[in-house]
Amino acid sequence: MRKKIFCRFCQHEIKHTFIDLGMSPLSNSYISMDKSEQGQISYPLHVRVCDQCFLVQLEEFETPSDIFNDYAYFSSFSTSWLKHAKDYVEYMVKNHDINNHSQVVEIASNDGYLLQYFKEVDIPVLGIEPAKNVAEVAKKEKGIPTISEFFGTALAQKLVSEGKKADLLLGNNVLAHVPDINDFVAGMKILLADDGIVTMEFPHLLNLIEKNQFDTIYHEHFSYLSFLTVQQIFAAHGLRLFDVQEWATHGGSLRIFACHANCSRYIVSDNVARILEKEKKAGLDQINTYLTFSESVKKVKYDLLSCLIELKRQNKNIVVYGAAAKGNTLLNYCGIRQEFIDYAVDMNPHKQNTLLPGSCIPVYSPDKIRETKPDYILILPWNLKEEIMQQLHYVKAWGAKFLLPIPEVEIVE
Ligand SMILES: [Zn+2]
């Protein structure tokens, strides 16, 4: 008999599949080159949806400490992401009176890419970053006080008992990454000062569905969030969403603003009703909307494979730019390996001279592109495509073209 699965938020039994991408290794488990002959463990990438709260979710297979141990992602390697962080800091200082007397706490503070801008203007900061190697970079290179632990009710209670409360509690791309979303949001409720403000950014489920971003599905990413579901989750823990903004980051994200449910300092913005209306119009409050997603995903697989097969029949050399997690989902789901792709390149030196998980495509420094002059460059982090195509403008010299897989397969000359 099949095992019953229950919703990570509302505990109802889950009966529906959102998308089943088959088996895949953990997308951030890059393999060292000398271990190419060893086996790799794969896990199901089967995403389901709850028909009560509409939380789209992936089951937990690995404990988070396995996933985030020696995590290879350093936020500071993306210049556009740094600018986004700096603009956020200016916005919060200007519009929400975050000042030298405020305590700012960031959950999943990574290498201090964001908190450094609060620190520059003498606003007290505290980072929380479970990946020890990344937290070390924040402490040593940027001087950001950082606790290397997972955030939840236990850590929140410990901080409060030490006299710490957050006037601004923020987290970017972390809400979707926590396996126990109830304990996480309950922890924020505990750590937030009475008049404090929470901001969180996460990829908007509406974009995932409308723009076919199935490659943002990977094992480290447990929940796929709409505003209407997040509003229910926060309300269940005594937090009220009073504003929301849409951003182009990560293919289309929401930035939500929350406060204690009984806090009267913040009035509800019109944006709240506007986003809820937009989601309802797109059918995010109907189970049927979620059940048709698989068809558009299959189409990307068929189109990308036929494009690659055609190019290989013409003896073209194809390489990959950007060894991001989302790229690994796409390559493994489509079954693309070295018969199509000569190699991948990535700016992040921690990923260079490794093999991509699953596909075992070798990763080098972007300099390799100048050396080998490939005909086609498949850009996997499509959310940074403008930035990447600009960085690679020199490939025009030998007539190379770009290949973009999502939302639909496209060749850019
Ligand atoms: Zn549910």
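Under the Karplus relation 6.51 cos²θ - 1.76 cosθ + 1.60, θ = phi - 60°, what is the ordered set of whole-Hz ³J(HN,Hα) values for segment 226-231, x standing for Gly and Pro?
Result, rounded to whole Hz: 9, 5, 5, 6, 4, 4.
Do you know the relative contact order of segment 75-290, to the nearest whole percent, from alpha carbon pairs under 8 angstrom that are 6+ apart?
Numbers: 390 pairs, mean separation 31.8, N = 216.
Reported relative contact order: 15 percent.
From the convex hull of the Cα coordinates of the chain, what is the mean projected area in square nanometres? Walk me through the numbers before you get to the answer.
On the way: hull surface 83.6 nm².
About 20.9 nm², averaged over all directions.
Taking LYS3 as the anchor, which aspartates and glutamates have their alpha carbon closer than 19 Å to its alpha carbon, excluding any fewer than eight residues away along the same chain?
By straight Cα distance, LYS3 reaches GLU13, ASP20, ASP51, GLU59, GLU60, GLU62.
Which whole-angstrom value gives the distance between the alpha carbon centres of segment 173-187 and segment 231-248?
Using only Cα atoms, the two centres lie 13 Å from each other.
Residue by residue, what Karplus-based ³J(HN,Hα) values in Hz, rounded to whole numbers, does segment 247-258 have, using 6.51, -1.76 and 1.60 with θ = phi - 60° and x for Gly and Pro?
Result, ordered by residue: 10, 7, 4, 6, x, x, 10, 10, 10, 9, 10, 10 Hz.
Explain nothing, just compute: Karplus ³J(HN,Hα) = 6.51 cos²θ - 1.76 cosθ + 1.60, θ = phi - 60°, for every residue of segment 103-113 in order, whole Hz, x for Gly and Pro.
3J(HN,Hα) across segment 103-113, in whole Hz: 9, 9, 10, 10, 8, 6, 7, 6, 8, x, 4.
Can you pull the percent of Cα pairs in segment 127-199 with separation above 19 Å?
For segment 127-199, the fraction of Cα-Cα distances above 19 Å is 35 percent.
Tell me which residues come under 5 Å, amide H to amide H, from LEU378 once H is placed; ignore anything under 5 positions away on its chain.
HN-HN under 5 Å from LEU378: VAL319, VAL320, TYR321, LEU403.
Order by neighbour count: ASP180, ASP215, ASP270, ASP20, fewest other Cβ atoms within 10 Å first, most last. Provide the component values of the computation, followed by the final result.
Working: ASP180 17, ASP215 28, ASP270 8, ASP20 14.
So the residues, fewest neighbours to most, are ASP270, ASP20, ASP180, ASP215.
Could you list CYS263, CYS334 in order of exposure, starting from the residue whose Cβ has the fewest other Cβ atoms within 10 Å?
Details: CYS263 17, CYS334 20.
Listing CYS263, CYS334 from fewest to most nearby Cβ atoms yields CYS263, CYS334.
For a quick check: with amide H placed at 1.01 Å from N, whose amide H comes under 5 Å from LEU55's, ignoring anything fewer than 5 positions away on the same chain?
Sorted by chain and number, the residues that satisfy this are CYS50.
About its Cα centre, what dipole magnitude does the chain give when the only charges are +1 on Lys and Arg Cβ and -1 on Asp and Glu Cβ, stated in debye to the nearest 20?
500 debye
Which value, in debye to the nearest 20, describes the size of the charge dipole of segment 340-413 about its Cα centre when Lys and Arg Cβ atoms bear +1, Asp and Glu Cβ atoms bear -1, and nothing else is charged? Could you put the intermediate results ahead of the total?
Values: 7 positive and 10 negative charges, 38 e Å.
So the magnitude is around 180 debye.
For CYS259, what charge total do you get from the other residues with a beta carbon under 15 Å from its beta carbon, if Lys and Arg give +1 and Asp and Glu give -1? The partial results should precede the final answer.
On the way: positive: LYS165, LYS189, ARG240, ARG255, ARG265; negative: ASP97, ASP167, ASP194, ASP195, ASP243.
Net local charge, CYS259 excluded: 0.
Please report, to two decimal places, log10 I(q)/I(0) for segment 5-58 at q = 0.19, 0.28, 0.30 Å⁻¹ as given by the Debye formula with identical point scatterers on the Cα atoms and no solvent.
Here log10 of I(q) over I(0) equals -0.69, -1.04, -1.11.
Hey, can you grab everything whose amide H is under 5 Å from the amide H of ILE14? Only 5+ residues off in sequence or another chain; H modelled, so Pro and N-termini drop out.
Correct list: ILE5, PHE6, CYS7.
Sum -39500 (n - 2.57) across every DSSP H segment of at least 4 residues in the chain, then divide by the residue count to get the 222 nm mean residue ellipticity, nearest 500.
-9500 deg cm²/dmol
Counting only DSSP beta bridges with both residues in the chain, tell me the antiparallel percent, nearest 5.
Taking every DSSP beta bridge with both residues in the chain, the antiparallel ones total about 55 percent.
Taken together, the values in this text are just the output of simple stated rules run on the coordinates, not laboratory data. Source: prediction; values computed, not measured. Cβ coordinates were reconstructed from backbone atoms using ideal geometry, including for glycine residues, and neighbour counts include every protein chain displayed.
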